[in-house]
Amino acid sequence: MNDLQLILALYESGRLVEAEAACADLTAQAPESGAAWALRGQVALQRALFPEAVDYLERALSLTPDAPDLLRNLGMALYGAGRHHDSLMALKRVLKRDTSNAVAFLYTGRCHLALGRLDDAAAALNAALVLRPEWPDALEGFAVDRKS
């Protein structure tokens, strides 16, 4: 089992702190490995360490620029960090290439909600629901109090 497989196994088993430590070691040993930075970003995203996830995912994208999943994860991390405009820009790039990415539509909707753009949010959330009918995460967006 190589280092990436070990980290992935730790990640999938929910051992996120150990996975993060192993990622830190791997990125120190192989700073030019886009896969190592991507996995470190994914672990940080899962741990809700959004600013760190943004840094790691941006590093991964600089090494592996043609990676839509990385760009989607960056959009999610930017959203979590409260950088809604930046998140929308990343997610727009994802959806330009892949109109079947339900997660990108979900986070696009969430960003629009955060920015008070209710019509745009509804359109994005509806697109997510077309791809994943009755998806609770997308349906939740419609429960927002429109008066606040």
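The values are calculated or read from the model by the stated rules, or taken from the named source; none is laboratory data. Just so we're clear, the structure is a prediction, and the values are computed from it rather than from any experiment. Glycine gets a Cβ as well: all are built from the backbone with ideal geometry, and neighbour counts include every protein chain shown. The area values use the complete protein model at the heavy-atom level, side chains included, leaving out ligands, DNA and RNA. Shrake-Rupley method; radii C 1.70, N 1.55, O 1.52, S 1.80 Å.
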Test GLY14 against the criterion of being small (Gly, Ala, Ser), modelled with pLDDT of 90 or more and within 23 Å of PRO68 (Cβ to Cβ), and give yes or no. no
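When you go through LEU74, LEU78 one by one, which is the residue that is among the hydrophobic types (A, V, I, L, M, F, W, C), open to solvent by less than 40 Å² (accessible area, probe 1.4 Å) and in contact with a Cys (Cβ under 9 Å, 6 or more places away or on another chain)? Quick ask: steps written out before the conclusion?
Details: LEU74 fails: in contact with a Cys (Cβ under 9 Å, 6 or more places away or on another chain).
Within the list LEU74, LEU78, the selection yields LEU78.
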Given the conditions (1) within 20 Å of ASP137 (Cα to Cα); (2) crowded, with 18+ Cβ neighbours inside 10 Å; (3) without any contact (Cβ under 8 Å) to a residue 24 or more places away in the chain, which single one is not true for ASN101? (3)
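Grab the helices (runs of 4 or more DSSP H) fully contained in the stretch 84-148, keeping just those with 3 or more residues being touching a Gly at 6+ places or on another chain (Cβ under 7 Å) and of a type in the set (A, V, I, L, M, F, W, C). Walk me through it before giving the result.
On the way: elements: 84-97, 102-114, 118-131, 136-140.
Passing ranges, in order: 84-97, 118-131.
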Looking at the stretch 5-30, which of its residues are under 20 Å from ALA77 (Cβ atoms) and either open to solvent by 30 Å² or more (accessible area, probe 1.4 Å) or touching a Lys or Arg at 6+ places or on another chain (Cβ under 8 Å) (or both)? LEU8, TYR11, GLU12, GLY14, LEU16, VAL17, GLU20, ALA21, CYS23, ALA24, LEU26, THR27
Kindly list the number of the only condition in (1) at pLDDT 95 or above; (2) within 30 Å of ASP3 (Cβ to Cβ) that fails for ALA36. (1)
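If we keep just the residues of the stretch 31-59 that are in a loop (DSSP other than H, G, I, E, B) and charged (D, E, K, R), which is surrounded by the fewest Cβ atoms within 10 Å (Cβ to Cβ)?
At the first step, the residues of the stretch 31-59 found to be in a loop (DSSP other than H, G, I, E, B) are 31-33, 47-49.
Subsequent filtering for residues that are charged (D, E, K, R) retains 32, 47.
Details: GLU32: 9, ARG47: 14.
Out of the qualifying residues, it is GLU32.
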